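What follows is one structure encoded as structure tokens, with my remarks underneath.
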Amino acid sequence: MSAKKFEYKDIGGQAVVEGVMMQSPQDESIAIAVRRENGQIMVNCEHREPISKKHPWMGLPFIRGCVNMVLMLKMGMNTLDRGTQMLGLAEEEPSKFEKWLAEKLGANIEKVVMGVAIVLAVALSMFLFVMLPSGAAMLIGRVTDNRILINLFSGLVRILILIGYMVAIGFVPDIKRVFKYHGAEHKTVYCNEAGEELTPENAKKFSRLHPRCGTAFLFLVMFISILIGSVADQLLFLAFGIEKLTFLQRILRSILILPVVAGVSYEVLKGLAHAGDALIVRILRWPGLMLQYLTTREPDREMLEVAIASMKAAKAGPAHYAEQLDAGVHLWTPDMAKKAQAA
């Protein structure tokens, strides 16, 4: 690890299929780089104005965490879709249901497919991380009335489900490659924060575990939900005399406190990422960093090249990135996808 002082510029991103997305809030840009089967790296960079610029209240502490959670879900799905287009892969024929739904809603098929994917993702998340833990809480509630113990048990079940899910998808070959690109993203972000030249050799020596990772955010959400859930249960008892929540009441309470949990978790994650290297800070970061061993893998040189191409484009911005492409890196625009579809 470099001895240089880190400069936190809050440039971060996500892994996509055979590539990496990088977002630069300062430059108001979002860049995606992917490597095609022929070895070419394709890069696209677009302007992305922060929503807090139009609506300043959305950038206020605690509120911004909830807003970002929603925006990141939408942006994550759009990024995966854009990355697939950039790979130049032939898209699957839409199902009859998707065509029917698109016709009834008056929307194009791409938007319908994206909407269906988001609905299914939210439904799966609700089942795994709200309904199942709520059912576990009801079971432990049969042997104890202690609200803290009930919420602790529910939270532990939620964390175990998260870990089990990460372990399970890690066995899928395509996901393993995505996890490697995830590692390449982290190493490149670290290299940039250290102020070193963005090269595969420099990026390789950095850790693949980063304190601002979404995996760390997920763990904080799970942990903080235990604390806020316990407080909420106590308030419900004091205000309405509810000693034990029913299964449906617990699900509803979990949904209602989610914005608060997201807001607090975001501020804690951001604070820990910029809080230096004191012992207490390292202790608080440790669980989230350890989880990243499940969602990252050591990348190869080619993957680091893709992540670096994305980082350079994000820093250059939409107006200038096309002028600064390295050898072997090619410009991609949405018009290319339209021409390919027309052909």
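Values in this text are rule-based calculations from the coordinates and carry no lab data. Quick caveat, the model's predicted, so the values are computed rather than measured. Backbone-built Cβ (ideal geometry, glycine too); neighbour counts: all protein chains shown.
Descriptive notes on the structure:
- The local environment of Met290, defined by Cβ-Cβ distances under 14 Å, has a net charge of +3 under the rule Lys, Arg +1 and Asp, Glu -1.
- Compared with the alpha-carbon gap, the fully stretched path from Asn78 to His274 is longer by 67.7 nm at 0.36 nm per residue.
- Using a Förster distance of 35 Å, the FRET efficiency for Gln40-Val167 (Cβ separation, nearest 0.05): 0.55
- Most mobile listed residue (Gly65, Gly155, Gly328) in the chain, GNM with C-alpha springs under 10 Å: Gly328
- Hypothetical label at Glu196: residues of the range 311-335 whose amide nitrogen lies under 17 Å (7 Å Cα-Cβ projection): 311-312
- The range 12-342, dipole about Cα centre (Lys/Arg Cβ +1, Asp/Glu Cβ -1), debye to the nearest 20: 840
- Among Gly12, Gly141, Gly183, residue whose mean-square fluctuation peaks in a GNM of the chain (springs only between Cα atoms under 10 Å): Gly141
- Angle of helix 247-273 to the longest C-alpha principal axis of the chain, folded into 0 to 90 degrees and rounded to 10: 50°.
- Spacing of the modelled spin labels on Leu132 and Val116, each 7 Å from Cα toward Cβ, amounts to 2.5 nm.
- For the range 183-192, the Karplus equation 6.51 cos²θ - 1.76 cosθ + 1.60, evaluated at θ = phi - 60°, returns couplings of x, 5, 4, 4, 4, 5, 4, 4, 4, 5 Hz by residue, with Gly and Pro reported as x.
- The residues packed around Gln234, meaning those with a beta-carbon under 15 Å from its beta-carbon, carry a net charge of +1 if Lys and Arg are +1 and Asp and Glu are -1.
- Mean-position separation - Cα centroids, the range 117-154 and the range 266-306, in angstrom: 27
- When the pairs Lys204/Lys312; Lys187/Lys315; Lys176/Lys312 are compared against a 18 Å limit on Cα-Cα distance, Lys176/Lys312 fall above it.
- For the peptides 160-169, 240-249, 224-233, the ranking by packing is 224-233, 160-169, 240-249, with the highest mean count of neighbouring Cβ atoms within 10 Å listed first.
- Applying 1/(1 + (r/R0)^6) with R0 = 35 Å to the Cβ-Cβ distance of Thr333 and Glu298 gives a FRET efficiency near 0.60.
- Based on DSSP H segments of at least four residues, each scored -39500 (n - 2.57), the chain has a per-residue ellipticity at 222 nm of -20500 deg cm²/dmol.
- Two-site label geometry, Ile255 and Ala322: point separation in nm, points 7 Å out along Cα→Cβ: 4.6
- Dipole axis of the range 135-199 (+1 Lys, Arg; -1 Asp, Glu on Cβ), positive-most option in Gly164, Gly183, Gly135: Gly135
- Sequence-separation-based contact order of the range 12-342, relative, with Cα cut under 8 Å and 6+ spacing, percent: 31
- Net lengthening on full extension, Arg177/His47 (0.36 nm per residue, minus Cα-Cα): 44.0 nm
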